[in-house]
1. Among the listed residues Gln123, Gln115, Gln97, identify the single one that is outside any loop (DSSP other than H, G, I, E, B), over 22 Å from the mean Cα position of the chain (by Cα) and either modelled with pLDDT under 80 or of a type in the set (Asp, Glu) (or both).
2. With respect to Gln329, is the statement that it is open to solvent by 40 Å² or more (accessible area, probe 1.4 Å), touching a helix residue (DSSP H, G or I) at 6+ places or on another chain (Cβ under 6 Å), not charged (D, E, K, R) and not in a loop (DSSP other than H, G, I, E, B) true?
3. Could we say that Ser43 is closer than 22 Å to Leu379 by Cβ, open to solvent by 10 Å² or more (accessible area, probe 1.4 Å) and without any contact (Cβ under 8 Å) to a residue 12 or more places away in the chain here?
4. Write out, first by first residue and then by second, each pair whose Cβ atoms fall under 8 Å of each other, whose residues are 6+ apart or on separate chains, and whose first residue, in the stretch 434-459, is under 21 Å from Met475 (Cβ atoms) and without any contact (Cβ under 8 Å) to a residue 40 or more places away in the chain while the second is in a strand (DSSP E or B) and among the acidic types (Asp, Glu).
5. Take Val30 and decide whether it is farther than 27 Å from Thr357 by Cβ, in contact with a Lys or Arg (Cβ under 8 Å, 6 or more places away or on another chain) and open to solvent by less than 70 Å² (accessible area, probe 1.4 Å).
6. Take the conditions among the aliphatic types (A, V, I, L, M) and in contact with a strand residue (DSSP E or B) (Cβ under 9 Å, 6 or more places away or on another chain) and apply them to Val284. Does it pass?
7. All but one of (1) part of a helix (DSSP H, G or I); (2) among the aliphatic types (A, V, I, L, M); (3) modelled with pLDDT of 85 or more hold for Leu413, so report the exception by its number.
8. Restricted to the stretch 15-37, and to residues that are touching a Gly at 6+ places or on another chain (Cβ under 6 Å) and small (Gly, Ala, Ser), which residue is farthest from Val385 (Cα to Cα)?
Amino acid sequence: LMTDLTDFLSDGSYRNWLFKNKKHAKINVVASLGMILLWDIDSGLAQIDKYLHSDDNYVIAGALLGVGLVNCSVTNDYDPALTLLSEYIKKEDSSIQIGAIMGLGIAYAGAQDEQVPIMERLQAIADALTGRSVSELGKPLSQLLVLALSLIYLGKQEGVEATSEVSKSFSKTMRNYVDITLLSCAHARTGNVLTVQKLLGHCSQLENAETSKGSAVLGIPIVAMVEEVGLEMLIRLLKHFLQYGEQKIRLAVPLALGILCTSNPKVNVTDTLSRLSHDTDLEVAIAAVFSLGLIGARTNNAPIAGMLRNLSSFYCKVPGLLFCVQIAQGLVHMGNGLLTLNPYHSDRLFLLSFVITKTALAGLVTILHACLDIKSIILGKYHFVLYYLVLAMKPRMLMTLDKNLEPILVPVLVGEAVDVAGEVGRPKTITGFQTHSTPVLLAACEKAELATEKYVPLSPILEGCVILIENIEYMEDN
């Protein structure tokens, strides 16, 4: 459908699906090539390049975004994304500018590459916000500017106070939104109790604007998503918000549940979201449907897939909701089960590479903040913002390699991760395990251990690509 080289039929009509779409939809269609060819720079860029020479600005914008998607999380000495996208940033057409900037942002997220022309971002974003009128600050993308400012301080805690001074020149509505978003991002994953109390207090104040209350609800799981007990307490707390909260708070609750259990379909969360997907408030229903896709992402979860099939029939005459149901279905079967959006490691820790983890969290947070104004952004003409999910995508597998980076097959035990227990001298960190041969897929709460002493892993935690070396003390049993 997407890579057919023949764009026209003999009678002059269009054959390629791209040309059957209109305006902003073309951005999504062309950019989807980047998702299909994700991480495949050699053949991916060759497929997308022909669209950069189109006469249609929307097609060019989609191709630029596709280039960024193909290069996401990939390190290349030639920096093809930087070379291709830099020249389009100062084009007059706004669609091309957005495609180039999003492409560069996705390709180099977390890289801290000083050569990227959007590195001087803090002052530029602050100036853009300060120079806007009250009516302009109420537009959808202005809220994403606030989030961009906050993501610079993601998990840093310190130094955010100076930036918060910028908000004093804004209206009270925007000032609250800036302060709350900065606070939640700066203390992300810290488990800071005082920060959680501030966010809860903000939700309870009558005079605060609803937009900032939605950001506060999202901020609570972002700050407190560090351990299992706190996660269960948060789920109970968010259910109370459903009973007593205002409209924006109720809208943010399913989104908060989505980031708490991304690619980890807990039964109690699934039941809550299933109930909210039939809510009388359409925005709450849309958010619940989208969150069903997030918690079921890549799991091929049968109950969630069944719910979404029923919802597609139930909302067949509601275009916006049907669109979100289809997106959620795509997420549930994402990568045919080979990818995940979960930012946690299998050992219930974040990834060993701190930069990659922050990048994954930033992608999820961006999508959820966009969903706070879902009618104007996701269901409006900025639906291509959904591509920020690629920042959180990674293979959920265990592949073992030798020192020459050649795959080797070894037996491994795969089971549910638990606290260390077992006999003295023979600790076990998994339970209910089964023996498999690598490569093997790992679920959200699963962990792997080697089932042989013939090899020694160079990584303390077995996930992704792990290099094994031969154990010189190993003796084959007769």
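1. Working: Gln115 fails: outside any loop (DSSP other than H, G, I, E, B); Gln97 fails: either modelled with pLDDT under 80 or of a type in the set (Asp, Glu) (or both).
Only one candidate passes the filter, namely Gln123.
2. In short, yes.
3. Spelling it out, it is not the case that Ser43 is closer than 22 Å to Leu379 by Cβ, open to solvent by 10 Å² or more (accessible area, probe 1.4 Å) and without any contact (Cβ under 8 Å) to a residue 12 or more places away in the chain.
4. The qualifying pairs are Val456/Glu470.
5. So Val30 does not fit the description; no.
6. So Val284 fails the test.
7. (1)
8. Checking each candidate, the answer is Gly34.
The values are calculated or read from the model by the stated rules, or taken from the named source; none is laboratory data. It should be emphasised that the depicted structure is a prediction, and the values quoted were computed from it without experimental measurement. So basically every Cβ, Gly included, is an ideal-geometry build from the backbone, and we count neighbours across all protein chains shown. Just the protein is used for accessible areas: all its heavy atoms, side chains included, with ligands, DNA and RNA removed. Shrake-Rupley method; radii C 1.70, N 1.55, O 1.52, S 1.80 Å.
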